[in-house]
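The values are calculated or read from the model by the stated rules, or taken from the named source; none is laboratory data. Given the structure is predicted, the values throughout are model-derived calculations rather than measurements. Because the Cβ atoms are built from the backbone with ideal geometry, glycine has one as well, and the counts that use them run over all protein chains shown.
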Amino acid sequence: MTTPVLTGTHLAKAFGATTALVDASVAVAPGEIVAIMGPSGSGKSTLLHLLAGLLRPDAGTVEIAGVRIDTMSERQRSDVRLRQLGFVFQHGELVPELTVVENVELPLRLTGVSARPARVRALEALDRLGVAGEADRRLSEVSGGQAQRAAVARALVHAPPVVLADEPTGALDTLTGELVLEAFVDAARDQGTAVVLVTHDLRVASYASRDVLVRDGRIVDQAAHVGEPR
């Protein structure tokens, strides 16, 4: 069996008196696309944020590339996120003061890649998502769909071992959503990137090789799709 690149084991999290997640365990292999599904308030996003190290679990452990992160300081976890993870959120979360290409360059520049190669790699990533023509525009000058494709390019530009995406196509039309999902499939196939998608959308889940169903703060099922993912 392939060694997982991302593992959460017996994770639990509460916010005050509200229990968000109980005894949740999931492991994701390199090149695997996993869809985390469930109704609103089920704990999907909490699970994703624990796996990302954005939240610290009340119980359980999280490992990325064999390194336990839940016991790290916030600064150490931030460094792991920068180097080992890519993120895509429903509304992109790009930096409005930067141009599109500057946003995509950001993970590279923060990890020490010099300006010229960072620009080349950022433009290549934008081109793969069909938005290289918007590279020098500010976010106020591009559509929401173009900005979201730029956010995907930013998440993938440094070829991280893990990409985490929370409703990445929720605000997109069908065609743009398919471009985003195909970029994840390409990263999984060509770079061995593990992709974890939180989604309500069965169409999005059809691109995954496995579904993780969360209900009332518990993982109630983990089922592989029949046949090959899209």
> Are there any pairs with C-beta distances below 6 angstrom linking a residue in segment 118-140 that is farther than 21 Å from Val180 by Cβ to a residue that is part of a helix (DSSP H, G or I) and of a type outside the set (A, V, I, L, M, F, W, C), with the two at least 6 apart or on different chains, and if so which?
Replying inline: Ala118/Glu105; Ala118/Arg109
> What are the residues in segment 15-32 that are assigned to a strand (DSSP E or B) and more than 13 Å from the chain's Cα centre (by Cα), if any?
Replying inline: Phe15, Thr18, Thr19, Ala20, Leu21, Val22, Asp23, Ala24, Ser25, Val26, Ala27
>> Which of the numbered conditions does Ala12 fail, given that it passes all the others? Conditions: (1) over 19 Å from the mean Cα position of the chain (by Cα); (2) not in a strand (DSSP E or B).
In response: (2)
> Which is under 19 Å from Asp186 (Cβ atoms) and in contact with a helix residue (DSSP H, G or I) (Cβ under 6 Å, 6 or more places away or on another chain), of Val142, Val157?
Replying inline: Val157
> Looking at (1) touching a residue at least 24 places away in the same chain (Cβ under 8 Å); (2) surrounded by 15 or more Cβ atoms within 10 Å (Cβ to Cβ), which is the one condition that is false for Glu178?
Replying inline: (1)
> Taking segment 107-119, which residues are part of a loop (DSSP other than H, G, I, E, B) and hydrophobic (A, V, I, L, M, F, W, C)?
Replying inline: Val113
>> Being of a type in the set (D, E, K, R) and touching a strand residue (DSSP E or B) at 6+ places or on another chain (Cβ under 6 Å) is the requirement here; does Asp186 meet it?
In response: no
>> Can you tell me how many residues within segment 23-54 are touching a helix residue (DSSP H, G or I) at 6+ places or on another chain (Cβ under 9 Å) and under 18 Å from Val67 (Cα atoms)?
In response: 6
> Would you call Pro30 of a type outside the set (Val, Ile, Thr), at pLDDT below 95, within 22 Å of Ser206 (Cα to Cα) and surrounded by fewer than 21 Cβ atoms within 10 Å (Cβ to Cβ)?
Replying inline: no
>> Going through Asp173, Asp190, Asp136 one at a time, which residue ends up being acidic (Asp, Glu), surrounded by fewer than 14 Cβ atoms within 10 Å (Cβ to Cβ) and at pLDDT 95 or above?
In response: Asp136
> Restricted to segment 87-105, and to residues that are at pLDDT 95 or above and within 23 Å of Val196 (Cα to Cα), which residue is surrounded by the most Cβ atoms within 10 Å (Cβ to Cβ)?
Replying inline: Val104
> Yes or no: Gly31 within 24 Å of Gly177 (Cβ to Cβ), of a type outside the set (A, V, I, L, M) and touching a Lys or Arg at 6+ places or on another chain (Cβ under 9 Å)?
Replying inline: yes
> Residues Ala65, Ala59: which one is among the aliphatic types (A, V, I, L, M) and under 16 Å from the mean Cα position of the chain (by Cα)?
Replying inline: Ala65
>> Residues that are surrounded by 15 or more Cβ atoms within 10 Å (Cβ to Cβ), within 20 Å of Arg210 (Cβ to Cβ) and out of contact with any helix residue (DSSP H, G or I) (no Cβ under 7 Å at 6 or more places or on another chain): does segment 63-80 have at least one?
In response: yes
> Does Ala122 satisfy the condition of being on the phi < 0 side of the Ramachandran plot and either modelled with pLDDT of 95 or more or in a strand (DSSP E or B) (or both)?
Replying inline: yes
> Would you call Ser42 polar (S, T, N, Q) and surrounded by 15 or more Cβ atoms within 10 Å (Cβ to Cβ)?
Replying inline: yes
